[in-house]
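The values are calculated or read from the model by the stated rules, or taken from the named source; none is laboratory data. Keep in mind that this is a model prediction, so the values were computed, not measured. In this analysis, Cβ positions are derived from the backbone assuming ideal geometry, glycine residues included, and neighbour counts consider all displayed protein chains.
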Amino acid sequence: MFTQKAQAFPNRRATDQHTLVEMQLAALAYQNLPAMLGVNIAATLGVAFLLYADGVSYLQVWLALVFVLSGLRLLCWFFFQRYCANESREQAKVGGWVLLYTLGLHSAALIWVAMVFITFQLATSEAKFTVIVIISALAGGATGITAPLKYAGRIYITILLLFTSVIIYWVASEHWVFSVLGLVFWVAMIISHRNNHYVLLKSLTLQMENKQLINNLQHLNAELELRVQQRTSALERIAHNDALTGLPNRLGLIDWMEKKLHADNPQEAAILFLDLDRFKQINDALGHEVGDQVLRMIAYRFNEVCPDDAILARWGGDEFLLVTAQADNTRERAETLARQLIDAAIAPLCIRDESLGVGLSVGMAYFPTDAINFQDIIHAADLTVAEVKRNGRGNSLIYNDIYAETQKRRFDLGRALSDAIKQNELTLAYQPIVNALTNEVETLEVLSRWHHPSLGVIDPCEFIYLAEETDRIIALGDWVLYQSCSKAREWRQQDSAIKLAINVSIKQLLAQNFSARVISILQETAFPPDALILEVTESLFGEAHLDTTLETVTQLRSFGVEVYIDDFGTGYSSLSRLHEFPVTGIKIDRSFTAQLDKQGLVIIESAMLIAQKMGLKVVVEGVESAAQFDKLLKLGIVSMQGYYLGRPSPVPAIRSSKQ
């Protein structure tokens, strides 16, 4: 969009592109000068007319300064045009012309600031407002007209707006609003000028590059072809490589596999799907910048392990793929590589003086044994690593067709679970928590059951885990709470002391308005809040969501709902966290009950003492025998739960089955 004057230096040979850009910027600045002077003169005459009517002194002096300065600036413009037309000009002198332009520009700004001072002391409100409008207009126009000169234009705007704001506040403090607006306008104009200068500079730079390319095309065609080839190669590298780690990406990996693995009689090749463990916690807790450093360091370690005839690629997120070339000993090499990669991943990472730890799960599949299509073989390895994740992580597995069947079952169950919740296909069972001293049922723990019409009985561990993964746990939790509270009203007619205990997922606690939904369901079912116990695991104390869970638990307690820590002792919560949360009780995990003859008794006794000191109720799970019952009773445990005291049943036991 530049006019002929904007391109003031045609047909030259320049060795310094920076100097050429400066010359073009100077040419653009001088090109805009006549228009700028015209606006200045028009504004000057308008202000003079108003001030003359007000009889303001010094007006003639100010007008003389404006016209003399405008004339001098116009002379600079005239001689600059002659300088541009001179083929023998010296490029280094452009700085002098810029200096002259800058001096004229800043002098004009100071003259206008002087007029502000005069106006706000001697003139009427109409003249004052007119001067403010003119100053604002000049500053606004300067964001574009003076954009070629980075600092000169910003100083000009600063003199006009910042100095004016200070003068207005100093001379006429009752108009302080104009000072504030002037400061805001100054910030906006400086930013606008900066952006305009940046765009202009980039445009000129690009224009210079394009002209250079055109000249090369005319005079050095062979060199241009080489550059095109180099750029094509660079684009191809960008398209086939990951920007963060420098490793091949998906396209690069598939391209390598097509070149290396396609053959008339292909030998076996291993595909190792590498999925980092605990990376999300690092990313969430320490930020994406630290997460990116972890990925780069892990990629470097994996690359050190990767054989020369294999390829390591980043598949996405915290997932990598290592594919070996075809060989006779592929399986042995793959298993060795998997162990080396896991060892490389678990070694501590030192970032920002902190020692961070990640793990690695590896899923292995073999081409063409497990699949002959590249996408299918990668999918097989992906299914395998998902199986590793489900079974504890930090290990490696070889693909089995069962994993595909498992994945299909999980997919089918996921869809069926949503319908089951909506259509009330689930049922509830109740397991009693018994007072060991009175043999009376204190609480009924609510457990969900699912008998699918075609898939049969679905294990609760399977469908609840699936509900957690697919975020259907919120709908499932609401359904369980509503159904159990609705039915429990009848049982409380037999025993008004009976309470309900319902397991709650951390995802439910973090869901929006969870406490409000609980209270709404209690009101709708007419179930008393103080008869409800919500059980949540020690994940409640996770640092990533501590504020949210504390607020939710506090709200629930304010309504009278009790909150227990389930599976107590198996997590990593500290006593300080237990003390900070207004929980009412703990349920000691069944794993300690099963080890009463070993360390379990000591742990249960310690937990009970801590709970008593904190005023918390204690329930021990997993009581399966009379011997366990007697030992716990002697220890002082009153509330117990387990098959010895009652199994889960669709019909709740109001009395314990223990005699």
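Can you name every residue in segment 473-513 that is in a helix (DSSP H, G or I), over 23 Å from Ala416 (Cβ atoms) and of a type outside the set (A, V, I, L, M, F, W, C)?
Passing the criteria: Ser486, Lys487, Arg489, Glu490, Arg492, Gln493, Gln494.
Could you figure out which of (1) in contact (Cβ under 8 Å) with a residue 40 or more places away in the chain; (2) under 30 Å from Leu481 (Cα atoms) isn't true of Leu633?
Of the numbered conditions (1) in contact (Cβ under 8 Å) with a residue 40 or more places away in the chain; (2) under 30 Å from Leu481 (Cα atoms), the odd one out for Leu633 is (2).
Checking the condition under 30 Å from Asn283 (Cβ atoms), over 23 Å from the mean Cα position of the chain (by Cα) and surrounded by fewer than 19 Cβ atoms within 10 Å (Cβ to Cβ), which residue from Asp343, Asp328 passes?
Asp343
Residues that are at pLDDT 90 or above and in contact with a helix residue (DSSP H, G or I) (Cβ under 8 Å, 6 or more places away or on another chain): which strands (runs of 3 or more DSSP E) entirely in segment 412-464 hold 3 or more of them?
The strands (runs of 3 or more DSSP E) meeting that bar are 440-452.
If the requirement is being farther than 29 Å from Ala64 by Cβ and part of a helix (DSSP H, G or I), which of these qualifies: Ile132, Ile159, Ile191?
So the residue among Ile132, Ile159, Ile191 that is farther than 29 Å from Ala64 by Cβ and part of a helix (DSSP H, G or I) is Ile191.
To keep it simple, each residue is scored yes or no on (1) of a type in the set (S, T, N, Q); (2) assigned to a loop (DSSP other than H, G, I, E, B); (3) not assigned by TED's automatic domain parsing to the domain that holds Leu349.
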{"position": "His262", "(1), (2), (3)": "no, yes, no"}
{"position": "Phe273", "(1), (2), (3)": "no, no, no"}
{"position": "Gln281", "(1), (2), (3)": "yes, no, no"}
{"position": "Asn303", "(1), (2), (3)": "yes, no, no"}
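Identify all residues within segment 361-386 that are small (Gly, Ala, Ser) and either in a helix (DSSP H, G or I) or at pLDDT 90 or above (or both); write none if there are none.
Within segment 361-386, Ser361, Gly363, Ala365, Ala380, Ala381, Ala386 meet the criteria.
Scan segment 464-475 and give yes if some residue there is surrounded by fewer than 17 Cβ atoms within 10 Å (Cβ to Cβ) and either assigned by TED's automatic domain parsing to the domain that holds Trp491 or within 30 Å of Phe629 (Cβ to Cβ) (or both), otherwise no.
No, because not a single residue in segment 464-475 is surrounded by fewer than 17 Cβ atoms within 10 Å (Cβ to Cβ) and either assigned by TED's automatic domain parsing to the domain that holds Trp491 or within 30 Å of Phe629 (Cβ to Cβ) (or both).
Pick from segment 340-356 the residues that are of a type in the set (Gly, Ala, Ser) and assigned to a helix (DSSP H, G or I): which of them is farthest from Pro307 (Cα to Cα)?
Ranking the qualifying residues of segment 340-356, first place goes to Ala345.
Going through segment 230-250 one residue at a time, which ones are assigned to a helix (DSSP H, G or I) and at pLDDT 90 or above?
Residue satisfying the conditions is Arg250 alone.
So is Phe80 in a helix (DSSP H, G or I) and more than 30 Å from Lys128 (Cα to Cα) or not?
So Phe80 passes the test.
Does Lys389 count as assigned by TED's automatic domain parsing to the domain that holds Gln340, of a type in the set (Lys, Arg) and outside any strand (DSSP E or B)?
yes
Mind counting the residues in segment 398-450 that are among the acidic types (Asp, Glu) and surrounded by 13 or more Cβ atoms within 10 Å (Cβ to Cβ)?
5
Could you list, ordered by first residue, the pairs with Cβ atoms under 9 Å in which the first is in segment 312-326 and farther than 9 Å from Arg250 by Cβ and the second is of a type in the set (Ser, Thr, Tyr) and surrounded by fewer than 22 Cβ atoms within 10 Å (Cβ to Cβ), at least 6 apart or interchain?
Phe320/Thr245; Thr324/Thr330
Within segment 392-411, work out how many residues are under 21 Å from Ile464 (Cα atoms), touching a residue at least 12 places away in the same chain (Cβ under 8 Å) and not in a helix (DSSP H, G or I).
Residues flagged as under 21 Å from Ile464 (Cα atoms), touching a residue at least 12 places away in the same chain (Cβ under 8 Å) and not in a helix (DSSP H, G or I) within segment 392-411 amount to 1.
For Phe163, all conditions in the list (1) surrounded by 12 or more Cβ atoms within 10 Å (Cβ to Cβ); (2) at pLDDT 80 or above; (3) out of contact with any helix residue (DSSP H, G or I) (no Cβ under 8 Å at 6 or more places or on another chain) hold save one; what is the number of the exception?
All conditions are met except number (3).
Find the residue count for segment 25-56, including only residues that are surrounded by 11 or more Cβ atoms within 10 Å (Cβ to Cβ), at pLDDT below 80 and not aliphatic (A, V, I, L, M).
Residues that pass the stated criteria total 4.
Taking the condition of a type outside the set (Phe, Trp, Tyr) and over 24 Å from Val358 (Cα atoms), does Lys422 pass?
Taking the combined requirement at face value, the residue satisfies it.
If you check Glu304, Glu268, which single one turns out to be more than 25 Å from Glu354 (Cβ to Cβ), among the acidic types (Asp, Glu) and in contact (Cβ under 8 Å) with a residue 24 or more places away in the chain?
The unique qualifying residue is Glu268.
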